[in-house]
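Reading through the C-alpha coordinates given below for one structure.
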Amino acid sequence: MSPVIVCPSCDLAHRQDSIRTTERTQCARCRAWLQHPDGAALDSAIALALCALILLAFSNAYPLVTMQANGNSRDTTLIGAALGFYAQGYASLGALVFLTTVIAPLLQILALLFVLIPLWRGSRPRGQHTLLRVLMQVRVWSFMEVFMLGALVALVRLAKFAHIAPGIALWCCVLLMLCLSELTSITSPEQLWRWVERSRE
Amino acid sequence: MNSPATGRSLGLLLCLNCRATLRDAKLPHSRCPRCESRVHQRKPHSLAITTVLVVAAAVLYVPANLLPVMTTRTFLDDEPDTIMSGVLVLLQSGSWPIAVLVFVASIVVPLLKILALAVLLFSIWRGTSRHRLQRSQLFRMVEFIGRWSMLDVYAVSLLATLVQIQSIASIIVGWGAWAFGAVVVLTLIAARTFDERLLWDTAPHE
Ligand SMILES: [Zn+2]
Ligand SMILES: [Zn+2]
(Lines give C-alpha, C1' and ligand atoms only; values in the text may rest on other atoms or scores of the structure.)
(Ligands and ions follow the chains in the order given, each with its own letter.)
Protein backbone atom coordinates (compact mmCIF):
# COMPACT_ATOMS: atom_id res chain seq x y z
CA MET A 1 0.00 0.00 0.00
CA SER A 2 1.41 3.37 -1.00
CA PRO A 3 1.73 6.16 1.57
CA VAL A 4 -1.45 8.09 2.13
CA ILE A 5 -2.14 11.73 2.91
CA VAL A 6 -5.32 12.29 4.90
CA CYS A 7 -7.13 15.61 4.45
CA PRO A 8 -7.22 17.55 7.75
CA SER A 9 -10.58 19.12 6.87
CA CYS A 10 -12.67 16.24 5.50
CA ASP A 11 -10.67 13.06 6.23
CA LEU A 12 -10.48 12.02 2.57
CA ALA A 13 -7.46 9.81 1.85
CA HIS A 14 -5.17 10.77 -1.05
CA ARG A 15 -2.43 8.56 -2.48
CA GLN A 16 0.89 10.24 -1.86
CA ASP A 17 2.34 9.26 -5.25
CA SER A 18 -0.30 11.41 -6.95
CA ILE A 19 0.97 14.46 -5.08
CA ARG A 20 4.25 16.27 -5.51
CA THR A 21 5.84 17.63 -2.33
CA THR A 22 7.10 20.75 -4.04
CA GLU A 23 3.61 22.02 -4.70
CA ARG A 24 0.82 23.33 -2.56
CA THR A 25 -1.90 20.77 -3.06
CA GLN A 26 -5.63 21.03 -2.50
CA CYS A 27 -7.95 18.27 -1.33
CA ALA A 28 -9.94 16.80 -4.22
CA ARG A 29 -13.17 16.90 -2.19
CA CYS A 30 -13.19 19.90 0.15
CA ARG A 31 -10.42 22.00 -1.44
CA ALA A 32 -8.52 22.47 1.83
CA TRP A 33 -4.75 22.77 1.58
CA LEU A 34 -3.29 19.30 2.02
CA GLN A 35 0.30 20.37 2.40
CA HIS A 36 2.53 23.36 2.14
CA PRO A 37 5.51 23.18 -0.16
CA ASP A 38 8.89 22.31 1.21
CA GLY A 39 10.97 25.31 0.35
CA ALA A 40 11.62 27.76 3.14
CA ALA A 41 15.16 27.99 4.47
CA LEU A 42 15.92 27.47 8.14
CA ASP A 43 18.33 30.44 8.20
CA SER A 44 15.77 32.88 6.85
CA ALA A 45 13.23 31.74 9.45
CA ILE A 46 15.78 32.37 12.22
CA ALA A 47 16.70 35.76 10.76
CA LEU A 48 13.04 36.77 10.58
CA ALA A 49 12.40 35.60 14.14
CA LEU A 50 15.37 37.63 15.46
CA CYS A 51 14.13 40.62 13.51
CA ALA A 52 10.66 40.21 15.03
CA LEU A 53 12.15 39.95 18.52
CA ILE A 54 14.02 43.24 18.14
CA LEU A 55 10.95 44.96 16.69
CA LEU A 56 8.82 43.66 19.55
CA ALA A 57 11.33 45.09 22.05
CA PHE A 58 11.24 48.49 20.33
CA SER A 59 7.43 48.40 20.09
CA ASN A 60 7.26 48.06 23.85
CA ALA A 61 10.09 50.40 24.80
CA TYR A 62 8.81 53.53 23.07
CA PRO A 63 5.47 55.34 23.08
CA LEU A 64 2.94 54.24 20.50
CA VAL A 65 1.22 57.61 20.15
CA THR A 66 1.39 61.00 21.83
CA MET A 67 -1.71 63.12 22.19
CA GLN A 68 -1.74 66.87 22.81
CA ALA A 69 -4.88 68.72 23.80
CA ASN A 70 -5.41 71.93 25.81
CA GLY A 71 -1.73 72.13 26.70
CA ASN A 72 -1.74 68.62 28.11
CA SER A 73 0.32 65.86 26.62
CA ARG A 74 -0.23 62.14 27.10
CA ASP A 75 1.35 59.13 25.53
CA THR A 76 0.90 55.39 25.77
CA THR A 77 2.92 52.29 25.08
CA LEU A 78 1.67 48.91 23.90
CA ILE A 79 1.53 47.60 27.46
CA GLY A 80 -0.04 50.89 28.58
CA ALA A 81 -3.06 50.15 26.38
CA ALA A 82 -3.67 46.92 28.26
CA LEU A 83 -3.07 48.63 31.62
CA GLY A 84 -5.68 51.25 30.67
CA PHE A 85 -8.38 48.58 30.95
CA TYR A 86 -6.84 47.23 34.14
CA ALA A 87 -6.77 50.69 35.74
CA GLN A 88 -10.49 51.10 35.07
CA GLY A 89 -11.38 47.82 36.73
CA TYR A 90 -11.62 45.61 33.66
CA ALA A 91 -8.74 43.27 34.50
CA SER A 92 -9.93 40.46 32.23
CA LEU A 93 -10.17 42.77 29.23
CA GLY A 94 -6.72 44.15 30.03
CA ALA A 95 -5.39 40.60 30.20
CA LEU A 96 -6.94 39.81 26.82
CA VAL A 97 -5.27 42.84 25.21
CA PHE A 98 -1.97 42.05 26.94
CA LEU A 99 -2.12 38.41 25.85
CA THR A 100 -2.95 39.11 22.21
CA THR A 101 -0.54 42.02 21.61
CA VAL A 102 2.45 41.29 23.87
CA ILE A 103 2.53 37.79 25.36
CA ALA A 104 1.40 35.76 22.33
CA PRO A 105 3.80 37.44 19.85
CA LEU A 106 6.65 37.15 22.39
CA LEU A 107 6.01 33.45 23.11
CA GLN A 108 5.57 32.78 19.40
CA ILE A 109 8.98 34.30 18.61
CA LEU A 110 10.81 32.75 21.59
CA ALA A 111 9.40 29.25 21.05
CA LEU A 112 10.46 29.38 17.39
CA LEU A 113 13.97 30.55 18.28
CA PHE A 114 14.40 27.91 20.99
CA VAL A 115 13.48 25.21 18.47
CA LEU A 116 15.16 26.56 15.34
CA ILE A 117 18.55 27.68 16.69
CA PRO A 118 19.49 24.20 18.03
CA LEU A 119 18.30 22.67 14.72
CA TRP A 120 20.48 25.09 12.81
CA ARG A 121 23.48 24.25 15.01
CA GLY A 122 22.76 20.57 14.53
CA SER A 123 22.08 19.70 18.16
CA ARG A 124 19.01 18.10 19.64
CA PRO A 125 16.90 20.79 21.30
CA ARG A 126 15.42 20.22 24.73
CA GLY A 127 11.69 20.26 25.18
CA GLN A 128 11.22 20.48 21.42
CA HIS A 129 7.81 18.81 21.47
CA THR A 130 6.44 21.03 24.18
CA LEU A 131 7.81 24.16 22.53
CA LEU A 132 6.26 23.29 19.18
CA ARG A 133 2.93 22.54 20.84
CA VAL A 134 3.03 25.85 22.70
CA LEU A 135 3.89 27.58 19.44
CA MET A 136 0.86 26.19 17.63
CA GLN A 137 -1.48 27.14 20.49
CA VAL A 138 -0.08 30.62 20.98
CA ARG A 139 -0.01 31.59 17.32
CA VAL A 140 -3.78 31.57 17.18
CA TRP A 141 -3.86 34.38 19.76
CA SER A 142 -1.29 36.68 18.20
CA PHE A 143 -3.35 39.61 16.86
CA MET A 144 -0.80 42.25 15.86
CA GLU A 145 -2.48 43.07 12.54
CA VAL A 146 -5.88 43.54 14.18
CA PHE A 147 -4.31 45.79 16.81
CA MET A 148 -2.83 48.01 14.11
CA LEU A 149 -6.24 48.51 12.54
CA GLY A 150 -7.75 49.19 15.97
CA ALA A 151 -5.05 51.80 16.58
CA LEU A 152 -5.96 53.43 13.26
CA VAL A 153 -9.61 53.64 14.31
CA ALA A 154 -8.64 55.20 17.68
CA LEU A 155 -6.37 57.75 16.00
CA VAL A 156 -9.06 58.80 13.53
CA ARG A 157 -11.51 59.33 16.39
CA LEU A 158 -8.97 61.34 18.43
CA ALA A 159 -7.71 63.46 15.54
CA LYS A 160 -10.92 65.53 15.67
CA PHE A 161 -10.20 67.18 19.01
CA ALA A 162 -6.53 66.65 19.71
CA HIS A 163 -3.17 66.75 18.05
CA ILE A 164 -1.90 63.23 17.48
CA ALA A 165 1.73 62.32 16.89
CA PRO A 166 2.51 58.70 16.01
CA GLY A 167 5.53 57.41 17.94
CA ILE A 168 8.44 55.21 16.89
CA ALA A 169 6.73 52.18 18.39
CA LEU A 170 3.80 52.53 15.99
CA TRP A 171 6.11 52.12 12.99
CA CYS A 172 7.88 49.25 14.73
CA CYS A 173 4.47 47.61 15.22
CA VAL A 174 3.73 47.88 11.50
CA LEU A 175 7.06 46.21 10.67
CA LEU A 176 6.50 43.61 13.40
CA MET A 177 3.10 42.78 11.93
CA LEU A 178 4.63 42.19 8.48
CA CYS A 179 7.49 40.19 9.99
CA LEU A 180 5.15 37.94 12.00
CA SER A 181 2.84 37.22 9.07
CA GLU A 182 5.78 36.20 6.87
CA LEU A 183 7.25 34.15 9.71
CA THR A 184 3.96 32.30 10.24
CA SER A 185 3.64 31.52 6.55
CA ILE A 186 7.15 30.05 6.19
CA THR A 187 6.97 28.03 9.42
CA SER A 188 3.87 25.92 8.83
CA PRO A 189 3.58 22.88 11.13
CA GLU A 190 4.59 20.59 8.27
CA GLN A 191 7.69 22.67 7.57
CA LEU A 192 8.73 22.77 11.22
CA TRP A 193 8.44 19.00 11.52
CA ARG A 194 10.28 18.52 8.23
CA TRP A 195 13.22 20.42 9.72
CA VAL A 196 13.02 18.42 12.91
CA GLU A 197 12.95 15.09 11.06
CA ARG A 198 15.85 16.07 8.85
CA SER A 199 17.94 16.82 11.93
CA ARG A 200 17.26 13.35 13.27
CA GLU A 201 18.46 11.56 10.16
CA MET B 1 -21.27 4.70 -5.88
CA ASN B 2 -18.85 3.44 -3.26
CA SER B 3 -18.19 5.70 -0.36
CA PRO B 4 -14.77 7.32 -0.81
CA ALA B 5 -11.75 6.08 1.13
CA THR B 6 -11.28 8.19 4.21
CA GLY B 7 -8.74 8.16 6.99
CA ARG B 8 -11.35 6.58 9.22
CA SER B 9 -12.27 3.79 6.75
CA LEU B 10 -8.57 2.96 6.21
CA GLY B 11 -7.77 3.01 9.92
CA LEU B 12 -5.55 6.06 9.52
CA LEU B 13 -5.47 9.03 11.83
CA LEU B 14 -4.13 12.51 11.26
CA CYS B 15 -2.39 14.35 14.08
CA LEU B 16 -3.82 17.86 13.90
CA ASN B 17 -0.81 19.29 15.71
CA CYS B 18 2.04 18.11 13.46
CA ARG B 19 0.14 16.60 10.50
CA ALA B 20 1.69 13.17 10.92
CA THR B 21 -0.39 10.24 9.61
CA LEU B 22 -0.81 7.50 12.21
CA ARG B 23 -1.54 3.84 11.63
CA ASP B 24 -3.03 1.50 14.22
CA ALA B 25 -3.53 4.20 16.83
CA LYS B 26 -4.96 2.77 20.04
CA LEU B 27 -7.91 5.06 20.55
CA PRO B 28 -9.10 6.78 22.64
CA HIS B 29 -5.92 7.10 24.71
CA SER B 30 -3.35 7.56 22.03
CA ARG B 31 -0.56 10.04 21.55
CA CYS B 32 1.17 11.02 18.34
CA PRO B 33 4.56 9.23 18.11
CA ARG B 34 6.13 12.27 16.47
CA CYS B 35 4.93 15.24 18.52
CA GLU B 36 3.46 13.48 21.58
CA SER B 37 0.18 15.39 21.50
CA ARG B 38 -3.12 13.61 22.03
CA VAL B 39 -4.81 12.31 18.91
CA HIS B 40 -8.49 11.57 18.32
CA GLN B 41 -10.47 10.30 15.36
CA ARG B 42 -12.60 13.45 15.78
CA LYS B 43 -12.19 16.27 18.26
CA PRO B 44 -13.83 15.01 21.50
CA HIS B 45 -17.33 16.34 22.27
CA SER B 46 -16.95 18.81 19.43
CA LEU B 47 -20.70 19.33 18.85
CA ALA B 48 -21.63 19.81 22.50
CA ILE B 49 -18.76 22.13 23.40
CA THR B 50 -19.15 24.24 20.27
CA THR B 51 -22.91 24.53 20.81
CA VAL B 52 -22.43 25.79 24.38
CA LEU B 53 -19.87 28.35 23.23
CA VAL B 54 -22.02 29.60 20.37
CA VAL B 55 -25.09 29.96 22.61
CA ALA B 56 -23.04 31.88 25.19
CA ALA B 57 -21.66 34.13 22.45
CA ALA B 58 -25.16 34.77 21.06
CA VAL B 59 -26.43 35.75 24.54
CA LEU B 60 -23.51 38.12 25.12
CA TYR B 61 -23.88 39.65 21.66
CA VAL B 62 -26.98 41.50 22.93
CA PRO B 63 -25.31 43.48 25.80
CA ALA B 64 -22.22 43.89 23.60
CA ASN B 65 -24.35 45.96 21.23
CA LEU B 66 -26.77 47.58 23.67
CA LEU B 67 -24.47 48.61 26.53
CA PRO B 68 -22.03 51.48 26.04
CA VAL B 69 -18.51 50.36 25.19
CA MET B 70 -17.26 53.67 26.55
CA THR B 71 -18.48 56.93 28.04
CA THR B 72 -16.88 60.27 27.26
CA ARG B 73 -16.96 62.40 30.42
CA THR B 74 -16.47 66.14 30.01
CA PHE B 75 -17.13 68.88 32.57
CA LEU B 76 -20.48 69.42 30.87
CA ASP B 77 -21.92 65.92 30.68
CA ASP B 78 -21.40 62.22 30.16
CA GLU B 79 -21.81 60.89 26.67
CA PRO B 80 -22.16 57.12 26.40
CA ASP B 81 -21.20 55.40 23.15
CA THR B 82 -22.36 52.00 22.00
CA ILE B 83 -20.61 50.39 19.07
CA MET B 84 -23.35 51.58 16.72
CA SER B 85 -23.28 55.18 17.98
CA GLY B 86 -19.50 55.09 17.61
CA VAL B 87 -19.97 54.13 13.98
CA LEU B 88 -22.43 57.02 13.52
CA VAL B 89 -19.99 59.49 15.09
CA LEU B 90 -17.33 58.37 12.62
CA LEU B 91 -19.81 58.68 9.77
CA GLN B 92 -20.82 62.24 10.76
CA SER B 93 -17.21 63.34 11.04
CA GLY B 94 -16.72 62.30 7.43
CA SER B 95 -14.43 59.33 7.95
CA TRP B 96 -16.78 56.89 6.29
CA PRO B 97 -14.17 54.26 5.29
CA ILE B 98 -13.28 53.86 8.98
CA ALA B 99 -16.98 53.86 9.89
CA VAL B 100 -17.63 51.04 7.42
CA LEU B 101 -14.60 49.17 8.75
CA VAL B 102 -15.82 49.36 12.36
CA PHE B 103 -19.38 48.46 11.35
CA VAL B 104 -18.27 45.38 9.43
CA ALA B 105 -15.64 44.20 11.93
CA SER B 106 -17.68 44.84 15.09
CA ILE B 107 -21.31 44.28 14.14
CA VAL B 108 -21.48 42.22 10.94
CA VAL B 109 -18.57 39.82 11.55
CA PRO B 110 -19.57 38.59 15.05
CA LEU B 111 -23.21 38.18 13.96
CA LEU B 112 -22.14 36.32 10.83
CA LYS B 113 -19.88 34.07 12.87
CA ILE B 114 -22.59 33.18 15.37
CA LEU B 115 -25.17 32.53 12.63
CA ALA B 116 -22.76 30.54 10.46
CA LEU B 117 -21.66 28.32 13.34
CA ALA B 118 -25.31 27.80 14.34
CA VAL B 119 -26.21 26.77 10.78
CA LEU B 120 -23.25 24.38 10.62
CA LEU B 121 -24.03 22.81 13.99
CA PHE B 122 -27.69 22.40 13.04
CA SER B 123 -26.80 20.78 9.70
CA ILE B 124 -24.55 18.24 11.46
CA TRP B 125 -27.18 17.55 14.08
CA ARG B 126 -29.72 16.86 11.32
CA GLY B 127 -27.21 14.68 9.47
CA THR B 128 -27.77 16.38 6.13
CA SER B 129 -25.29 15.60 3.37
CA ARG B 130 -26.21 18.42 1.03
CA HIS B 131 -23.99 21.41 0.20
CA ARG B 132 -21.05 19.92 2.02
CA LEU B 133 -18.47 21.88 0.05
CA GLN B 134 -20.30 25.18 0.61
CA ARG B 135 -20.64 24.48 4.33
CA SER B 136 -16.97 23.62 4.54
CA GLN B 137 -16.10 26.88 2.82
CA LEU B 138 -18.45 28.80 5.13
CA PHE B 139 -16.54 27.40 8.09
CA ARG B 140 -13.18 28.41 6.66
CA MET B 141 -14.50 31.94 6.15
CA VAL B 142 -15.62 32.03 9.81
CA GLU B 143 -12.16 30.91 10.87
CA PHE B 144 -10.49 33.53 8.71
CA ILE B 145 -12.52 36.62 9.65
CA GLY B 146 -12.97 35.85 13.35
CA ARG B 147 -10.01 37.70 14.78
CA TRP B 148 -10.89 40.99 13.08
CA SER B 149 -13.74 41.69 15.48
CA MET B 150 -11.17 42.47 18.20
CA LEU B 151 -10.62 45.76 16.40
CA ASP B 152 -12.98 47.86 18.52
CA VAL B 153 -11.66 46.44 21.79
CA TYR B 154 -8.20 47.68 20.81
CA ALA B 155 -9.56 51.06 19.74
CA VAL B 156 -11.32 51.50 23.09
CA SER B 157 -8.20 50.42 25.00
CA LEU B 158 -6.16 53.15 23.33
CA LEU B 159 -8.88 55.81 23.70
CA ALA B 160 -9.40 55.02 27.38
CA THR B 161 -5.67 55.16 28.05
CA LEU B 162 -4.97 58.36 26.14
CA VAL B 163 -8.02 60.46 26.96
CA GLN B 164 -7.48 61.02 30.67
CA ILE B 165 -7.17 64.79 30.86
CA GLN B 166 -8.03 65.80 34.40
CA SER B 167 -11.42 67.54 34.66
CA ILE B 168 -11.54 68.37 30.95
CA ALA B 169 -12.26 65.05 29.30
CA SER B 170 -11.87 61.42 30.15
CA ILE B 171 -13.06 58.18 28.60
CA ILE B 172 -14.54 55.53 30.86
CA VAL B 173 -14.74 51.93 29.68
CA GLY B 174 -18.23 50.39 29.71
CA TRP B 175 -19.49 46.85 30.19
CA GLY B 176 -20.32 46.71 26.49
CA ALA B 177 -16.60 46.46 25.79
CA TRP B 178 -16.31 43.56 28.22
CA ALA B 179 -19.26 41.72 26.66
CA PHE B 180 -17.80 42.43 23.26
CA GLY B 181 -14.40 41.00 24.14
CA ALA B 182 -16.15 37.93 25.57
CA VAL B 183 -18.09 37.40 22.30
CA VAL B 184 -14.87 37.52 20.31
CA VAL B 185 -13.07 35.07 22.60
CA LEU B 186 -16.02 32.66 22.76
CA THR B 187 -16.48 32.56 18.98
CA LEU B 188 -12.75 32.11 18.43
CA ILE B 189 -12.67 29.13 20.79
CA ALA B 190 -15.87 27.78 19.20
CA ALA B 191 -14.23 27.80 15.77
CA ARG B 192 -11.35 25.79 17.24
CA THR B 193 -13.47 23.21 19.04
CA PHE B 194 -15.60 22.67 15.92
CA ASP B 195 -14.44 19.64 13.95
CA GLU B 196 -14.81 20.41 10.26
CA ARG B 197 -14.63 16.73 9.36
CA LEU B 198 -18.04 16.17 10.95
CA LEU B 199 -19.50 18.00 7.94
CA TRP B 200 -18.21 15.20 5.70
CA ASP B 201 -18.97 12.19 7.86
CA THR B 202 -22.45 11.74 6.40
CA ALA B 203 -22.91 9.47 3.41
CA PRO B 204 -22.51 11.29 0.07
CA HIS B 205 -25.72 12.57 -1.40
CA GLU B 206 -26.81 10.91 -4.63
ZN1 LIG C 1 -10.62 17.46 2.21
ZN1 LIG D 1 1.68 14.83 16.00
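The values are calculated or read from the model by the stated rules, or taken from the named source; none is laboratory data. Source: prediction; values computed, not measured. Positions of Cβ are backbone-derived with ideal geometry, glycine not excepted, and every protein chain shown enters the neighbour counts. Only protein heavy atoms, including side chains, enter the accessible area calculation; ligands, DNA and RNA are left aside. Shrake-Rupley method; radii C 1.70, N 1.55, O 1.52, S 1.80 Å.
Structural remarks
- Summed buried accessible surface, chains B and A, 1.4 Å probe, nearest 100 Å²: 6000 Å²
- Relative intensity, log₁₀ I(q)/I(0), of the protein assembly as shown from a Debye sum that treats every alpha carbon as a point, q = 0.06, 0.10, 0.14 Å⁻¹: -0.28, -0.76, -1.27
- Comparing the full protein assembly with the isolated chain (1.4 Å probe, heavy atoms, ligands and nucleic acids excluded), the residues of segment B:1-27 losing at least 20 square angstrom of accessible area are B:4, B:5, B:6, B:7, B:10, B:12, B:14, B:17, B:18, B:19, B:21, B:23.
- Ratio Rg/Rh, restricted to chain B and using Cα atoms, in which Rh is the Kirkwood radius: 1.12
- Nearest-ten-degree value, helix B:151-162 long axis tilted from longest Cα axis of chain B: 40 degrees
- Segment A:46-123 and segment B:11-45 have Cα centres separated by 34 Å.
- Folded to 0 to 90 degrees: helix B:109-126 orientation relative to chain B principal axis, Cα: 30 degrees
- Share of carbon and sulfur in the accessible area of chain A stands at 61%, probe radius 1.4 Å.
- Kyte-Doolittle mean at least 1.0 and Cα axial length at least 15 Å: DSSP H helices in chain A: A:42-61, A:104-121, A:144-158, A:168-186
- For segment A:75-99, accessible area lost to neighbouring protein chains reaches 20 Å² or more, against the chain alone with a 1.4 Å probe, at A:76, A:81, A:84, A:85, A:88, A:90, A:92, A:93, A:96, A:97.
- Debye, to nearest 20: dipole size of segment B:1-121, +1 on Lys, Arg Cβ, -1 on Asp, Glu Cβ: 1160 debye
- Charge dipole magnitude, Cβ of K and R +1, D and E -1 - segment B:38-109, Cα centre, debye nearest 20: 700 debye
- Partner lysines whose Cα lies under 30 Å from the Cα of residue B:26, excluding those fewer than 8 positions away in the same chain, are identified as B:43.
- Protein heavy-atom surface of segment B:45-200, 1.4 angstrom probe: 73% of the accessible area is carbon and sulfur, with nucleic acids and ligands not counted.
- Listed residues B:14, B:151, B:111, most fluctuating in chain B (Gaussian network, C-alpha, under 10 Å): B:14
- The label-point distance for residue A:83 and residue B:59, in a model that sets each label 7 Å from Cα toward Cβ, rounds to 3.6 nm.
- Rel. contact order, % - alpha carbon contacts under 8 angstrom, at least six apart, segment A:1-105: 13 percent
- Principal-axis tilt of helix B:132-145 within chain B, Cα atoms, nearest 10 degrees: 40 degrees
- Other residues with beta-carbon under 15 Å from the beta-carbon of residue B:176 carry, at +1 per Lys or Arg and -1 per Asp or Glu, a net charge of -4.
- Exercise: per-residue mean of other protein chain Cβ atoms within 10 Å, B:90-103: 2
- Between residue A:95 and residue B:96, the C-beta separation translates, for a Förster distance of 30 Å, into a calculated FRET efficiency of about 0.35.
- Taken per residue, the accessible surface of the protein assembly as shown reaches 47 Å², heavy atoms only and a 1.4 Å probe.
- List of segment B:135-180 residues, accessible area with partners at least 50 Å² below that of the chain alone (1.4 Å probe): B:140, B:147, B:148, B:154, B:157, B:158, B:159, B:161, B:162, B:165, B:173, B:178
- Relative contact order computed over segment B:1-41 (Cα-Cα under 8 Å; 6+ residues apart), in percent: 33 percent
- Sulfur and carbon atoms: percent of accessible area, segment B:1-41 [1.4 Å]: 48 percent
- Mean residue ellipticity (222 nm) of chain B, computed from DSSP H runs ≥ 4 via -39,500 (n - 2.57), nearest 500: -16000 deg cm²/dmol
- GNM result for chain A, Cα springs below 10 Å: residue of A:142, A:188, A:44 fluctuating most strongly: A:44
- Residue mean of other protein chain beta carbons inside 10 Å, A:136-145: 3
- Short-range pairs are left out: with C-alpha atoms under 8 Å and at least six residues apart, the relative contact order of chain B is 30 percent.
- Charge dipole (Cα centre; +1 on Lys/Arg Cβ, -1 on Asp/Glu Cβ; no other charges) of the protein assembly as shown amounts to roughly 1320 debye.
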